[in-house]
Amino acid sequence: MAVGVHKLVTAAEAVARFVTPGAVVGMGGQNINRCPMALVHEVARQGLGDLAVVGCNLSVPLDILVACGLVARTEHGSGNLERYGTLFAWRRAAEAGSIEVRDHSHLAMATRFAAGAIGVPFMPTRSLLGTDVLRGLIDLDIARLMDFDGQPIVLMRALTPDVSLIHVHQADPLGNAVIEGVTSHEVDMVRASRATIISAEEIVPPGSLGERPERVTISEAYVSAVVHQPYGAYPTSAYRRYDFAEDEIKAYQAVARAGGAEFDHWIRRYVLEPERFDDYLDLRDPDAVRRLAMSSSMRSML
Amino acid sequence: MRALPREILVVEGARQIRDGDVVIVGTGLPLLAATFAQRTHAPQARLVIESGVVFPRVVPTPISVVDPRLMNGASRHGSLFEALGGLVQRGLVQTGFLGGAQIDRYANINSTWVAGKRLPGSGGANDIASHCATVVILTDHERRRFPQRCDYVTSPGFLDGPGHRAKAGLPALKVKVITDLCVMEATDSALRVTGLMPGATLDAVRNNTGFTPEAAETLGTVMPPSAAELKLLREVLDPACVYFPERKNQ
């Protein structure tokens, strides 16, 4: 991947260049935190289909891509929104058999990314032993059950996504990125990926992160494109910047649960028709009242 | 003030945490139980959250493992690999709290598929059940939740019975299931009723369980929370009735 090169582009340019139909897409974020919503909306708008979406906890971004008919397969630890329920579009597709679901545990997924991140073909874990999760993964030749010093051990095949999508707090135009709060599975997933698109709340001048390189969560070595997008995780949260928008997540869940024409309309109106993510934000939150409330809610917790 | 069955369940869950324990909790009732323990008898209990939060002081009332309310006052904000690999698989977390759509007589858990219905999947549950020495399961007591055998084994209890866990390569485990009717326990065996919730009977437990659990010779009754404990649970930890919607109707 290019080092020392300016990679600042629009979401449309980044997605057109690095996401291809049939790609294995590493999905950043977890649940209601730091999901790469702006980048996922762009993938949906460009209609890039037949995707395999991989990650640990896959939430709204996966559900939107499934609703748009763009997902052929998921590989993950879980698909849900905890208190806000299941992923309705994903669940319907899984139950109908229109997408393939490859179940892992979170650690099994993280182990596969860790193997990919250091360029080895597999990495062992002692999770999954004795369960149907392991049986399923052995059948797919993703896991192998081995003996090491007389003890059973599971080898997980490395997972190397074609492209990963993540949203971060700060990035410079070269792709050095800072994440605040937890990083879930994202750092190893990015290191394992052939390409990575980062959207960032804030773009800082080249060299400014160089004063404190230990603060850099992800090096430019792994980053293909950088997109500036404030509130790029909306309606999910960005630690220290803004809380998640509960009412907006509930609103999505309500239409996703209903499905049918109402849901199709929502997806068209709020994901496919807006030209840019900022247009979607303004549609859903006209005077930025909710965004300000999200920020002030976060400040009150710090 | 009388405690609701699920409130007693949460307080009994909290009692499984000793001061100084390191425990891993998801969200929902387990997190509430752990927060309750931290604010009562176990102020030094340390929590690990699968998303990478190590030893936070929780701000009420988080709804997700990545809720910023869960990141407060932590030792470190790390990764999932660090929490589930570096702490749980590494053996530094004694107790894990889990839920599940199905729990069978050998304490195996299904959170993946039930009768053609798609559920969220393992998340960190398989990792917790594989590596923690003690697993506490908090769940409503319904017959369909307690089948003879899970449709799909997501997280290992004692698999097909005594000795099978060791044979699969898994370490020893103690399981305690706490429901709104009873407490059941198992160590390399089938689940056995060891205590009843106030007002519950063994008949009620058996009528609401898909397998026939054996019972201890003497069954104790779970102690309900004190007035002060109930006040903490209701007014401080869940003032908006997020976890106990049934309280709104009181």
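The values are calculated or read from the model by the stated rules, or taken from the named source; none is laboratory data. Just so you know, these numbers come straight off a predicted model, no measurement behind them. Cβ atoms come from the backbone with ideal geometry, glycine included; neighbour counts cover every protein chain shown. Accessible surface is based on the protein model in full, side chains and every heavy atom, while ligands, DNA and RNA are left aside. Shrake-Rupley method; radii C 1.70, N 1.55, O 1.52, S 1.80 Å.
Could we say that A:I153 is within 8 Å of chain B (Cβ to nearest Cβ) and either open to solvent by 20 Å² or more (accessible area, probe 1.4 Å) or part of a helix (DSSP H, G or I) (or both) here? Answer is yes for this residue. Kindly indicate the residue of the stretch B:60-79 that is open to solvent by 10 Å² or more (accessible area, probe 1.4 Å), assigned to a loop (DSSP other than H, G, I, E, B) and of a type in the set (S, T, N, Q) and also modelled with the lowest pLDDT among those meeting that condition. Checking each candidate, the answer is B:T61.
Of all residues in the stretch A:95-108, those that are closer than 27 Å to A:F122 by Cα and facing another protein chain (nearest Cβ under 8 Å) total 7. Only one of the numbered conditions (1) over 23 Å from A:S296 (Cβ atoms); (2) among the polar types (S, T, N, Q); (3) open to solvent by less than 10 Å² (accessible area, probe 1.4 Å) is violated by A:T183, and that is (3).
Kindly establish whether B:R18 is under 21 Å from B:C241 (Cα atoms) and either within 12 Å of chain A (Cβ to nearest Cβ) or open to solvent by 10 Å² or more (accessible area, probe 1.4 Å) (or both). No; evaluated as a whole, the condition is false for this residue.
Would you confirm, using the coordinates I've provided, whether A:Q30 is at negative phi and either within 12 Å of chain B (Cβ to nearest Cβ) or crowded, with 24+ Cβ neighbours inside 10 Å (or both)? Show your work before the answer.
On the way: at negative phi: yes; either within 12 Å of chain B (Cβ to nearest Cβ) or crowded, with 24+ Cβ neighbours inside 10 Å (or both): yes.
When the stated conditions are applied, A:Q30 passes them.
Looking at the stretch A:237-251, can you tell me whether even one residue there is assigned to a loop (DSSP other than H, G, I, E, B) and either without any contact (Cβ under 8 Å) to a residue 40 or more places away in the chain or among the polar types (S, T, N, Q) (or both)? No: the stretch A:237-251 contains no residue that is assigned to a loop (DSSP other than H, G, I, E, B) and either without any contact (Cβ under 8 Å) to a residue 40 or more places away in the chain or among the polar types (S, T, N, Q) (or both).
Whether a residue is closer than 25 Å to B:D180 by Cα, open to solvent by less than 10 Å² (accessible area, probe 1.4 Å) and small (G, A, S) was assessed, and B:A3 does not pass this test. In the stretch B:21-31, the residue that is nearest to A:R83 (Cα to Cα) out of those that are away from chain A (no Cβ under 12 Å) and surrounded by 24 or more Cβ atoms within 10 Å (Cβ to Cβ) is B:V25.
The criterion of at least 2 residues that are open to solvent by less than 10 Å² (accessible area, probe 1.4 Å) is met by the following strands (runs of 3 or more DSSP E) wholly inside the stretch B:157-250: B:174-178, B:182-186, B:192-196.
Pull up the stretch A:254-282, narrow it to residues that are hydrophobic (A, V, I, L, M, F, W, C) and closer than 28 Å to A:E180 by Cβ, then point me to the one that is farthest from the chain's Cα centre (by Cα). Break it down stepwise before answering.
Step one: list which residues in the stretch A:254-282 are hydrophobic (A, V, I, L, M, F, W, C), which gives A:254-256, A:258, A:261, A:263, A:266-267, A:271-272, A:277, A:281.
Next, from what is left, pick out any that are closer than 28 Å to A:E180 by Cβ: A:271, A:277, A:281.
Working: A:V271: 17, A:F277: 16, A:L281: 19 Å.
Selected residue: A:L281.
Among the conditions (1) among the acidic types (D, E); (2) modelled with pLDDT under 95; (3) in contact with a Cys (Cβ under 8 Å, 6 or more places away or on another chain), B:D104 misses just one, which is (2). Quick one: which residue in A:V53, A:V15, A:V24, A:V5 is under 22 Å from A:D278 (Cβ atoms), out of contact with any Phe, Trp or Tyr (no Cβ under 8 Å at 6 or more places or on another chain) and among the β-branched types (V, I, T)? Within the list A:V53, A:V15, A:V24, A:V5, the selection yields A:V15.
Among residues belonging to the stretch A:285-302 that are in a helix (DSSP H, G or I) and open to solvent by less than 50 Å² (accessible area, probe 1.4 Å), point out the one that is farthest from A:A67 (Cα to Cα). Explain how you work it out, then say what you get.
Filtering the stretch A:285-302 down to residues in a helix (DSSP H, G or I) leaves A:289-301.
From the residues that got through so far, the ones that are open to solvent by less than 50 Å² (accessible area, probe 1.4 Å) too are A:291, A:294-295, A:297-298, A:301.
Details: A:R291: 25, A:M294: 26, A:S295: 29, A:S297: 30, A:M298: 30, A:M301: 34 Å.
So, considering only residues that are in a helix (DSSP H, G or I) and open to solvent by less than 50 Å² (accessible area, probe 1.4 Å), the one farthest from A:A67 (Cα to Cα) is A:M301.
Restricting the stretch B:80-125 to residues that are more than 8 Å from every other protein chain (Cβ to nearest Cβ) and of a type in the set (D, E, K, R) leaves a set whose member that is least open to solvent (accessible area, probe 1.4 Å) is B:D104.
Conditions (1) on the phi > 0 side of the Ramachandran plot; (2) assigned to a helix (DSSP H, G or I); (3) crowded, with 21+ Cβ neighbours inside 10 Å, marked per residue:
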{"site": "A:Y231", "(1), (2), (3)": "yes, no, yes"}
{"site": "A:P235", "(1), (2), (3)": "no, no, yes"}
{"site": "A:Q253", "(1), (2), (3)": "no, yes, no"}
{"site": "A:E262", "(1), (2), (3)": "no, yes, no"}
{"site": "A:H265", "(1), (2), (3)": "no, yes, no"}
{"site": "A:Y270", "(1), (2), (3)": "no, yes, no"}
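Quick one: in the stretch B:126-145, which of the residues that are among the charged types (D, E, K, R) and either in contact with a strand residue (DSSP E or B) (Cβ under 9 Å, 6 or more places away or on another chain) or in a helix (DSSP H, G or I) (or both) is farthest from the other protein chains (Cβ to nearest Cβ)? Among those that are among the charged types (D, E, K, R) and either in contact with a strand residue (DSSP E or B) (Cβ under 9 Å, 6 or more places away or on another chain) or in a helix (DSSP H, G or I) (or both), it is B:R143. Taken residue by residue, the stretch A:39-51 has at least one member that is in contact with a Cys (Cβ under 7 Å, 6 or more places away or on another chain) and under 25 Å from B:S64 (Cβ atoms).
I want to confirm something. Restricting to the stretch A:70-94 and keeping residues that are out of contact with any helix residue (DSSP H, G or I) (no Cβ under 9 Å at 6 or more places or on another chain) and either more than 9 Å from chain B (Cβ to nearest Cβ) or surrounded by 24 or more Cβ atoms within 10 Å (Cβ to Cβ) (or both), which single residue is nearest to A:T183 (Cα to Cα)? Taking the candidates together, the pick is A:R73. Within the stretch B:222-248, residues that are without any contact (Cβ under 8 Å) to a residue 40 or more places away in the chain have Cβ atoms under 8 Å from residues that are part of a helix (DSSP H, G or I) and open to solvent by 50 Å² or more (accessible area, probe 1.4 Å) in these pairs: B:C241/B:K248, counting only partners at least 6 apart in sequence or on another chain.
The residue of the stretch B:43-59 that is modelled with the lowest pLDDT, among those that are assigned to a loop (DSSP other than H, G, I, E, B) and facing another protein chain (nearest Cβ under 9 Å), is B:V59.
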